[in-house]
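In what follows, a single structure is set out as structure tokens and then discussed.
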Amino acid sequence: MSLRTQMSLRLTLASLCATSLLLGGQIAHAQEETPAAEGEAPLADEKLTPPVLINDVQPVYPQAAQDEGIAAEVVLNVDIDAAGQVENATVLQSAEATGYGFDEAAIIAARQLVFEPAKLGEQAIPVSISYRFRFVPDVKEEPAVVVPGVEKAPPPQPPPPTGQLSGQLTERGTRLPIIGVRVTIFRGEGDDAEGYETETDKDGAFLFEGLGVGLWRILADPEGYYPVRVEEEVDKDSRTKASYRIEKRSYNSYDVLVETAEVAREVSQVSISAKQAERIPGTFGDVLAVVQNFPGVARTQGAEVVVRGSAPEDTRVYIAGIDVPIIYHFGGLRSVLPVGMVERIDFYPGNFSVEYGRATGGIIDVDLKNLAPKKVGGYADVSILDTSLYLEVPINEKTAVAIAGRRSYIDVILGPLLPNDGTTFVLPRYYDAQILGSYRPDPAHRLETFFFYSDDKFKVLFDEPVGDDPNSIPITDVGFTTDFARAIASHHYVPDKKFSSELKLSVGQDRVNFNVGEELFIRYKSLQAQLRETAKYTLSDKLTLRGGVDYLLTNVDYSLRVPGTLPGEDDDDSDDDGPPILEQDDFIFAEAKGNMHSTAGFVQAEYKPIESLLLIPGLRLDHFSRTKNFAFSPRITARLELAPKWSIKGGAGVFVQEALFDESDPELGNPDLELEKAMHYSFGAEWRPRDHIKLEVTGFYKTLHDLVVPTDAVAEVDGGSRELRVNNGGAGRVIGLEVSARHELAKGLFGWVAYTLSKAERRDDGETEYRLFDYDQTHILTVIGSYKLPRNWEVSSRFRLVSGNLYTPYVGSVYSSDDDRYLGIRGETNSDRVNAFNQIDFRIDKKWVYDTWMLNAYLDIQNVANRTNPEGISYNFDFSETEVTSGLPIVPVLGLRGEF
Amino acid sequence: MPSHQFVSGVLCLALVGASAACTIRDDSTRANQIEGLRVLAIGSTPADVVLGDTAEISALVYDEDERPVSYQWSWCLSRGGADDGFACNIDEADLQTAWQSLDTGVDMPGYDLGTGETASFEMVFEPEQAFALCQILTEGEPDSQIALFTCLSGLGLSIQLEVTAGSDTIVAIRDIPVLLAGDERNQNPVVGTEFTRTLRDNDELGPDDPFVAERIYDVVADVGIEQSETFLPPEKEGLPPPEPRGEALFLSWFVTTGSTHRKGSQRTSYFDEGTIENLIENSWDMPYELEDTEARLFLVLRDERDGTSWAEYRFDVVEAP
């Protein structure tokens, strides 16, 4: 016995026709759109999904009809509620063969059908459909798809010739398989309609067998893609192969949002995916430059990151959990990692976990790409600054490798444009390279290796020594090179839901060579080895423990001859005092070799005494061999869910860091320095009025103790006196409020507004009064918006309004005959401020999608209004007149990226 | 890890170094287009002093309006920095008291060196005595700023000149090196009286030929390479032992009309094994509009050991035909 059913769907807003055929117990569905019913307007944006039969019930074939070989067809009107249950079934078209009970059998069966409800957009709705039952009596050698006659069973016929159709659905441009997509094949209309359905497998492949020869229509309509409607010819006893590259409705990077699935643990944390970050205007596509747009981060001209009133060196940068010396190439032009290698950036402006240490400011943690490519792919990115290449290769199901490299060519472009006046410039040149490997022997283990290398070089050569100051050094050349490398191996072990472990081992080398002529130089080389283990164990639903150790060994070999006053000690006038006077008598020389150890252990509990409250107390112990200091750093944070969309949070903790390398050097500074300390306090609230909108307000207060600052003090040593140069006599305090609103991608829009109100102060050695910190910026407003347009266009913009930079005015001058120049007499430190900074940046992206690759063109325009923004003050030769120095004018950067 | 902060500092230093080598301030030409009241140099004969020397100190002062100029000379052992206005940071009475306690039998000169156009200073102490003075002055004040500038950096002889013309006042300072008897002495370099002017792409001008407005002249100062004395530089920690070499020379060009502009700098320089032309050659642009019929040029020649001398030249200037 075979029953064939056919259903059609009538909806209020749109009309669809659905066909369901029951063939030998195999259900197949075929759908095709039909024009909207007269007077019924389809919704523009809401997609209508017809109900899907999930519990089929076959009517009981009336025995008399079966015995007599009578076939029939009954069409019902079936009302399906929003839960997919049949509310009612009535006969629209009775069986022609009356008196056998076909109608009744059909109604009984129909009332037992269960559907996945129809949907309008994401909302389930009630619908009415017409549903056709065909009663076909059992016959010998029943053909597979032939519709029998109505009046009586057809005579036995030889099986019709059949063939197969196989195919594969891949994403156009990326060649990624489209998995789990329903593919429907059908032909015929009305009573002759027949069709089948299947789903694509993990390779995007599908197969239909036993198809009648001839022309078939194929339909696939995966979510987020343009639908495929094609016709294919099926030949007798052969397999027709087809491959369909389906174009996504949008290739916008924001489609792939990285949201942390875990419950938020940090009081202050901002995360952004690399794909989002690279589209922020004004960053020239650099993923790490986005940090300057986060709440609590001051605006700086270079690569410095000033977090909540802390000095740049107080914020630590990790790549894959490992310390790195720098994250930007020369001058902050580019970060040392390309976008292809980065998965996400986590930024902690304060009150960070005990997992992080050796910093009193903030933490930037760059998470490497979770490498699991399904195909060989990559990109080539060409801009006026540099070219980068990225390639990722799946070796097998468990192993994958990615390799990348980048080289700048500013030197190549600008070199020929420079005048030939006896000076040879080797302009800033940088390159970097990375290799990332991933191996997953089983679900519990993941091994990763990462190697990266960064190299920067800058040099100026003079045919003859230059210098125009009687007391300055003769300069024959100025050179700066720095390179560093890290090799990181990590093992992630997650045997079950309760326990996880992450072990990381890193080795690397940093080298710096800098010279101004022969007399001023820094030659620095260090080897690092770092071991870091972090483990988590969930004791119960209410308590999870985290702990770990972090050991860093540094072998240093350096020699340097530098001015007696190092940069940083006199930052106040470095921008506005013209070229510094490098007087020969001021130079000091130092050299050292040796090992230094930094060891830390940490433990924290994540305790939920009640479902809505999360308490995270933690303790960190640090030891620093260079300055011979221990430190205990207790910290605690708490988060309370007041309502499903409301939460409040707060934290307090101790944070320490070691003095800078040169500060604790016996020759350059003071070897008896204590640790710099900070207390962080913060309290805030979060509100998520909608899933894609988050509003946050955080107040913070930070006190800084034992800051290393310049001092005039001397110490008695062996009966004599020794200049200390620096001591722990500094202090600071920072208070502020951060307000942010973030709109995750929804309806094409992505962006955030971040406003920070703060006051950062410092107190110098021997002083009783606080002064404003060099980087104090009272108001910082950043507005970023990106809008996704049709046809893979995307526009984005950034607006920034920031308080002007502080500067120390000169209140007079003295003429120095020795130097033949005027020396400025400084006024009150940081007592004046230039006018506020405001700037609009703009970016537009367009992507063209081809079968096997994509081309993305972008234009990133910094300072699109070409506004002259004041950055500082410069003085004339005798400090009697001032002039405002301005930042960059309009800077357009055009780039192309080919992805495959 | 120390390196990341260290590297940050190095990066900063690199930028400073690069700017030192490459940056020329936009207003650098204004410094040598002299206007108003200016002190252009302070000289000392001899160029450095040892015990028993008397330094004759003079100044090259220019006043555009040729007003009466008053002078106030003083000296000091140690000066404060930019935050302190470079003022003397040893009280004179304290110094005298400390000096007397050394019982040298000679009088320490008072800070005030008079109000003449020149001043003289008799050297009565040696560097070792300066250290003894330091210890006395800083006794009981181990963390005082005096200690910083005396005990550690050593005392020096710092001259201050305050000149006033009308309501304008300029304070100028210079250090005179203090040597031990037997140390290698330095001679002030000398600028000759000859001064060669050549209209660009034309013949050389005669001594009495005037400048012509709007024209550019190549000029050559009268400084011979012999002004660069050969000396043994002091040994410097971290550098190879020095060998005898010629002094570096620096020539400052100050003009009352037009501007000199070689390489955009107001100074030219010579370094050992370089060419003297880098020091003595310049170009002088005459202005389009003449405000004076006379062009004055002041050349100040310095060597790297603080030797200083100067010369002045006057030329007529006429309108372009």
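Some observations on this one:
- Of residues in the range A:113-139 being within 37 Å of the chain's Cα centre (by Cα) and among the charged types (D, E, K, R), the one modelled with the highest pLDDT: A:116
- Residue in the range A:309-321 that is within 11 Å of the chain's Cα centre (by Cα), assigned to a strand (DSSP E or B) and more than 11 Å from chain B (Cβ to nearest Cβ) present: no
- Test for residue A:535: is it in a strand (DSSP E or B), at pLDDT 85 or above and touching a Ser or Thr at 6+ places or on another chain (Cβ under 6 Å): yes
- Any chance residue A:114 is under 25 Å from residue A:193 (Cα atoms) and without any contact (Cβ under 8 Å) to a residue 60 or more places away in the chain: no
- Listing of strands (runs of 3 or more DSSP E) fully contained in the range A:74-143 that carry 3 or more residues being closer than 30 Å to residue A:159 by Cβ, of a type in the set (A, V, I, L, M) and in contact with a His (Cβ under 8 Å, 6 or more places away or on another chain): none
- Residue match in the range A:620-632 (condition: part of a strand (DSSP E or B), assigned by TED's automatic domain parsing to the domain that holds residue A:592 and within 28 Å of the chain's Cα centre (by Cα)): no
- Residue identified as part of a helix (DSSP H, G or I), within 11 Å of chain A (Cβ to nearest Cβ), crowded, with 18+ Cβ neighbours inside 10 Å and at pLDDT below 95 among B:133, B:137, B:148: B:148
- When residues of the range A:521-534 are limited to those that are more than 7 Å from chain B (Cβ to nearest Cβ) and in contact (Cβ under 8 Å) with a residue 40 or more places away in the chain, the one nearest to residue A:481 (Cα to Cα): A:521
- Any hit, the range B:203-219, residues being among the acidic types (Asp, Glu), touching a Ser or Thr at 6+ places or on another chain (Cβ under 7 Å) and not in a helix (DSSP H, G or I): yes
- The range B:185-197, subset more than 14 Å from chain A (Cβ to nearest Cβ) and in a loop (DSSP other than H, G, I, E, B), residue surrounded by the fewest Cβ atoms within 10 Å (Cβ to Cβ): B:193
- The set of residues in the range A:328-356 being buried (at least 22 other Cβ atoms within 10 Å of the Cβ) and within 11 Å of chain B (Cβ to nearest Cβ) consists of A:328, A:329, A:330.
- Screening residue B:238 on (1) in contact with a Phe, Trp or Tyr (Cβ under 6 Å, 6 or more places away or on another chain); (2) closer than 20 Å to residue A:516 by Cβ; (3) not in a loop (DSSP other than H, G, I, E, B) shows it passes everything except condition (3).
- Flag for residue B:308 being facing another protein chain (nearest Cβ under 8 Å) and over 14 Å from the mean Cα position of the chain (by Cα): no
- Residue satisfying all of: in the range B:228-263; more than 10 Å from chain A (Cβ to nearest Cβ) and among the small types (Gly, Ala, Ser); surrounded by the fewest Cβ atoms within 10 Å (Cβ to Cβ) among these: B:259
Per-residue answers, yes or no, for (1) assigned to a strand (DSSP E or B); (2) hydroxyl-bearing (Ser, Thr, Tyr); (3) modelled with pLDDT of 95 or more:
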position	(1), (2), (3)
A:618	yes, no, yes
A:634	yes, no, yes
A:656	yes, no, yes
A:663	no, no, no
A:677	yes, no, yes
A:681	yes, yes, yes
A:687	yes, no, no
A:702	yes, no, yes
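- Set A:503, A:545, A:553: member being facing another protein chain (nearest Cβ under 10 Å) and either in a strand (DSSP E or B) or of a type in the set (Val, Ile, Thr) (or both): A:553
- When residue B:274 is tested against the conditions (1) surrounded by 17 or more Cβ atoms within 10 Å (Cβ to Cβ); (2) at the interface with chain A (Cβ under 9 Å from one of its Cβ atoms); (3) under 30 Å from residue A:591 (Cβ atoms), the lone failure is (3).
- Search result, residues across the range B:155-184 that are buried (at least 17 other Cβ atoms within 10 Å of the Cβ) and outside any strand (DSSP E or B): B:155, B:156, B:177, B:179
- The single residue among A:713, A:746 that is among the small types (Gly, Ala, Ser), within 13 Å of another protein chain (Cβ to nearest Cβ) and more than 25 Å from residue A:778 (Cα to Cα) turns out to be A:713.
- One residue from A:726, A:697 being within 14 Å of chain B (Cβ to nearest Cβ) and farther than 25 Å from residue A:833 by Cα: A:726
- Every residue from the range A:554-574 that is at pLDDT 90 or above and in contact with a Leu (Cβ under 8 Å, 6 or more places away or on another chain): A:554, A:555
- Within the range A:790-846, strands (runs of 3 or more DSSP E) holding 2 or more residues that are surrounded by fewer than 19 Cβ atoms within 10 Å (Cβ to Cβ) and either within 24 Å of the chain's Cα centre (by Cα) or within 14 Å of chain B (Cβ to nearest Cβ) (or both): A:793-802, A:810-816
- Residue check, residue B:153 modelled with pLDDT of 90 or more and either out of contact with any Phe, Trp or Tyr (no Cβ under 8 Å at 6 or more places or on another chain) or under 23 Å from residue B:186 (Cα atoms) (or both): no
- Whichever residue in the range A:576-600 is more than 10 Å from chain B (Cβ to nearest Cβ) and buried (at least 17 other Cβ atoms within 10 Å of the Cβ) and, among such residues, is modelled with the lowest pLDDT: A:576
The values are calculated or read from the model by the stated rules, or taken from the named source; none is laboratory data. Predicted model, so just to flag it, every value in this text is computed and none were measured. Using ideal geometry, Cβ is built from the backbone for each residue, glycine included, and neighbour counts are taken over all protein chains shown.
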